[in-house]
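The values are calculated or read from the model by the stated rules, or taken from the named source; none is laboratory data. Because the structure is predicted, anything quoted here is derived from the model rather than measured. Cβ sites come from the backbone with ideal geometry, for glycine too, and all protein chains shown count toward neighbours.
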Amino acid sequence: MTETAAQSINIQRAPPLLTEDTGNEYVRGWRVAAIFVTLILINAFSQIDRILPFILAETIKADLGLSDTQMGLLTGLAFAVCYSLLSLPLARASDRGSPRLVLVSCILLWSVMTTFGGFAASFLLLAFTRFGVAFGEAGAVPAGHALIARKIRPERRGLAIGLFAMGIPLGTMVGFAAGGAIGDTLGWRTAMIGAGAIGGLIALLAFIVPGPTPTLERSAANSEPFVESSRRLLASPAFRWLFIGAIFVGFAASPFYAFSAPFLIRTHGYSASEVGLAFGLLQGLMGIIGALLGGRWFDRSVSSGTGSVLGPPAILFLIASATTSAALFAPAGWMSIALLVPGMLSFSFMMPWAFGAAHLVAGEGKQAQASSLVMIGSGLLGPALGPLIVGMVSDAATAAQVPNGLGLGLLIVPVASVLTGIAMLIANRRIAILLRGR
């Protein structure tokens, strides 16, 4: 074992994920199912509010007179910076205090700002509301994972994370299908106002169902400042390569979701409703399969003791890179959509593995913090720069009268997918060394 790996193990000498925790009151029976359903709904409506500008992009662009570059800024930078940077302090509040209260507060904030977005009359006002949505949603995943750690027994946490992650494809499916249909019939403003209003009901559910979540004992959580604690965690080669892989995931996923619908509309002549139905339903189906399969597979991989906790999703990303490349130049619309399916599957399949592996490396009492760092990796640079790069390439190609300019810009997705697979394979080996040393 290398000296660096040994130092990493000394830094992260926390109990593994499958050890029996102390001081937590795990729920049983119907309460487990109720918490699972609540978490799925929370993540689903978080995703709906996040992706509505994607499926409504063409209508918003025409109504407010925006360019593709501005849409890239709106769906990328305006959301990503706030979403990523605020997740760490909100994660710290979840680890140290009540993740339930953090979660309820976040739901209320992003729902109100989504509603305000429906009244925006300019690019600046709409961008401001997206900052507010990002502020609220920044705490959803860390607080949700902290709630899982407090309420769900360790041997079922991979499944719990997978079910929580399943809300993303469900939200994508509903957001694309219902958002596209409502946008075509009642307008994009109605779609955003309605989605925000429903969030108030989800916040009430999030307050009632989980029940009280007592603060962890000081001995169960790291007492050092979260900046120093984060620095120590990133000093671990295992977590550092996982973090690098998360950065590449951001560069693959954000342009994929921001511009796949406009690409299919422009290149293959679909309407927003048609793309919302076909792309949304497929994304939802692949997301459900990926999240459930990924969660159960991760639990079994941890139980096996091999330490291989990132190999399968890494391989899937390498496959998705090839199929996505082909999708951008497919001659028929149905063929293009079919070739995008492995990419859809790869993003949802990765989530239980990435977050679960991060929790393993971080140890007990740092789950929300570890999730937040993974979110910063995947949610800052990629979402901030990826859609902007695609928009700039598309605008430049259109000005030069180059065909399929949006498809050329979207080539960033398969390139980032290859880099994700490579980084996760390296992280997989590092984590195996770390776990064997515990």
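Of the residues that make up segment 208-221, is at least one under 24 Å from LEU385 (Cα atoms), modelled with pLDDT under 85 and part of a helix (DSSP H, G or I)?
Looking for residues that are under 24 Å from LEU385 (Cα atoms), modelled with pLDDT under 85 and part of a helix (DSSP H, G or I), one finds none in segment 208-221, hence no.
Tell me which of these PHE251 doesn't satisfy, since it passes every other one: (1) under 18 Å from LEU340 (Cβ atoms); (2) touching a Phe, Trp or Tyr at 6+ places or on another chain (Cβ under 8 Å).
So the condition that PHE251 fails would be (2).
Quick one: SER308 ticks every box in (1) surrounded by fewer than 24 Cβ atoms within 10 Å (Cβ to Cβ); (2) part of a helix (DSSP H, G or I) except a single one, so which number is it?
Unmet condition: (2).
Among the residues that make up segment 48-66, is at least one of them closer than 23 Å to LEU159 by Cα and crowded, with 20+ Cβ neighbours inside 10 Å?
yes
Can you find a residue that is out of contact with any strand residue (DSSP E or B) (no Cβ under 8 Å at 6 or more places or on another chain), under 22 Å from LEU86 (Cα atoms) and part of a helix (DSSP H, G or I) anywhere in segment 321-329?
no
Any chance segment 340-359 includes a residue that's more than 18 Å from PHE248 (Cα to Cα), out of contact with any Cys (no Cβ under 8 Å at 6 or more places or on another chain), surrounded by fewer than 24 Cβ atoms within 10 Å (Cβ to Cβ) and of a type in the set (A, V, I, L, M, F, W, C)?
Looking through segment 340-359, at least one residue is more than 18 Å from PHE248 (Cα to Cα), out of contact with any Cys (no Cβ under 8 Å at 6 or more places or on another chain), surrounded by fewer than 24 Cβ atoms within 10 Å (Cβ to Cβ) and of a type in the set (A, V, I, L, M, F, W, C).
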